[in-house]
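Reading through the structure tokens given below for one structure.
The values are calculated or read from the model by the stated rules, or taken from the named source; none is laboratory data. Note that the structure is a prediction, hence the values are computed from the model and not measured. Cβ sites come from the backbone with ideal geometry, for glycine too, and all protein chains shown count toward neighbours. When the accessible area is computed, the model is the full protein with side chains, heavy atoms only, and any ligands, DNA or RNA have been set aside. Shrake-Rupley method; radii C 1.70, N 1.55, O 1.52, S 1.80 Å.
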Amino acid sequence: MPRDGHGRIIDYLRISVMDRCNLRCSYCMPLEGLRFVPDEDLLTADEISLVARAAVSCGFRKFRITGGEPTLRRDLIEVVAGIRSESPDAEIGMTTNGILLPRMARDLKDAGLDRVNIHIDTLDEVRIRQVMRFADVQKIMTGIEAAEDAGLTPIKLNSVVVRGDNDTDVVELARQTLTRPWGVRFIELMPMGDGDESKLALSRVVSSEETMERITDSIGPLIPVPATHPSDESRNYQFSGGIGTVGFISPVSDPFCSACNRVRLSAEGKLLLCLLRDDEADLRAVIRGGGGVEAVSHALRQSILLKPVGHALDEGIHASRRMHEIGG
Ligand code: SAM
Ligand code: SF4
């Protein structure tokens with residue numbers, strides 16, 4: 001098992017396969033001024049498979065495909081099948097806004113994907129256009145149904161809570177867990193990007209404590225559910241009689257850095273050592289410089305040793321990349 005310089009086991013790789021998206025969530029992608037990785041700079045499906053093989057040889061056991069919006073990648077099925085063939089026993093998940101799932105959920109399952117996390121910030125058709133610009137509740141719901149039908153379960157739903165946009169909509173989302181077997185998770189807004197953008201984000205953070213209070217005041221008490229894995233970043237609860245769970249992810253008010261077990265691969269092949277810092281290593285340069293599985297494994301192991309102990313939001317340090325470039 002690979003360990004970082006602070007003794008943490010690192011066995012989880014999040015792979016961004018695409019930095020473009022069909023939505024423009026207000027906290028993730030501005031409407032103008034975006035620059036995307038040119039196609040020739042994106043890792044190919046074969047290069048992603050090579051990184052997966054190297055990661056498995058180092059002891060990685062869990063992968064998550066993300067973006068941007070991963071379902072926009074035309075060869076996504078090939079990418080999933082490639083990772084699966086390198087890691088028959090690994091857990092492979094994907095994070096998506098769900099809109100394109102109806103046309104590909106079954107093929108993704110057949111290619112070896114285990115399950116999906118689907119992003120939906122509110123069930124209100126008007127407010128969703130404010131926060132997840134260009135989204136449509138009904139389309140995301142159809143995506144959730146397609147994922148369920150294909151067996152990409154258990155389904156988790158991610159909602160980023162933004163003051164003034166969807167902070168009161170958490171109640172209806174949480175209520176779904178009374179009748180649906182979903183893990184609905186509320187995520188504190190993280191400051192991403194440069195200068196004014198991240199300052200604005202910090203002013204709109206709603207703490208998990210406040211979100212939880214709003215939910216319990218409206219619906220009733222939440223009972224803690226024991227963590228299934230020490231590195232689960234979500235603290236999970238259930239309503240009495242509920243069949244799903246309500247989770248809280250608190251990177252701002254209660255960071256889980258000490259239990260962090262993950263590193264990230266950006267769409268252009270940079271290994272990112274911390275979500276909220278800029279430390280990175282260029283795996284694409286290793287691969288395109290002729291390096292094979294051993295060279296990539298070596299680069300992975302060496303980079304992991306340099307993983308920072310934690311983020312430093314308190315000191316005003318945060319990643320200058322936006323979330324669509326990193327994958328969340
Ligand atoms: N497009 C897919 C989606 O939205 O699920 C995958 C990529 S998206 C960058 C991954 C996750 O990052 C999303 O579930 C979203 O909830 C989360 N996210 C994006 N920007 C964020 C921010 N500033 N703070 C907290 N979470 C954020
Ligand atoms: Fe797209 Fe996901 Fe970013 Fe929203 S959070 S803009 S769906 S990449």
Can you confirm whether the range 222-238 contains a residue that is free of Cβ contacts under 8 Å to residues at least 40 places away in the same chain and aromatic (F, W, Y)? yes
Would you confirm, using the coordinates I've provided, whether I215 is among the aliphatic types (A, V, I, L, M), more than 28 Å from R61 (Cβ to Cβ) and assigned to a loop (DSSP other than H, G, I, E, B)? no
Only one of I287, I243, I223 that is β-branched (V, I, T), more than 22 Å from the chain's Cα centre (by Cα), away from ligand 1 (no atom under 16 Å from the Cβ) and assigned to a loop (DSSP other than H, G, I, E, B): I243
Filtered residue count, the range 156-203, keeping only those that are open to solvent by 30 Å² or more (accessible area, probe 1.4 Å) and either more than 10 Å from ligand 1 (Cβ to nearest atom) or over 21 Å from D254 (Cβ atoms) (or both): 18
Filtering the range 46-80 down to residues that are buried (at least 19 other Cβ atoms within 10 Å of the Cβ), of a type in the set (A, V, I, L, M, F, W, C) and either within 16 Å of ligand 1 (Cβ to nearest atom) or part of a helix (DSSP H, G or I) (or both) yields I48, L50, V51, A52, A54, A55, V56, F63, I65, L76, V79, V80
Of the residues in the range 171-196, how many are at pLDDT below 95, away from ligand 2 (no atom under 15 Å from the Cβ) and assigned to a loop (DSSP other than H, G, I, E, B)? 1
List every residue pair whose Cβ atoms lie under 9 Å apart, where the two residues are 6 or more positions apart in sequence or sit on different chains, the first residue falls within the range 253-267 and is open to solvent by 50 Å² or more (accessible area, probe 1.4 Å), and the second residue, located anywhere, is part of a helix (DSSP H, G or I). S253/S208; S253/E209; D254/S208; D254/E209; P255/L313
When both residues are 6+ apart or on different chains and their Cβ atoms are under 6 Å apart, which pairs have a first residue that lies in the range 197-210 and is at pLDDT 80 or above and assigned to a helix (DSSP H, G or I), and a second that is open to solvent by less than 10 Å² (accessible area, probe 1.4 Å) and aromatic (F, W, Y)? S208/F248
In the range 1-45, which residues are part of a loop (DSSP other than H, G, I, E, B), of a type in the set (D, E) and out of contact with any Phe, Trp or Tyr (no Cβ under 8 Å at 6 or more places or on another chain)? D4, E32
I'd like the residue in the range 204-223 that is under 18 Å from R163 (Cβ atoms) and open to solvent by 40 Å² or more (accessible area, probe 1.4 Å) and, out of all such residues, is farthest from ligand 2 (Cβ to nearest atom). D217
Check D232 against each of (1) modelled with pLDDT of 95 or more; (2) touching a strand residue (DSSP E or B) at 6+ places or on another chain (Cβ under 9 Å) and name the one condition it does not meet. (1)
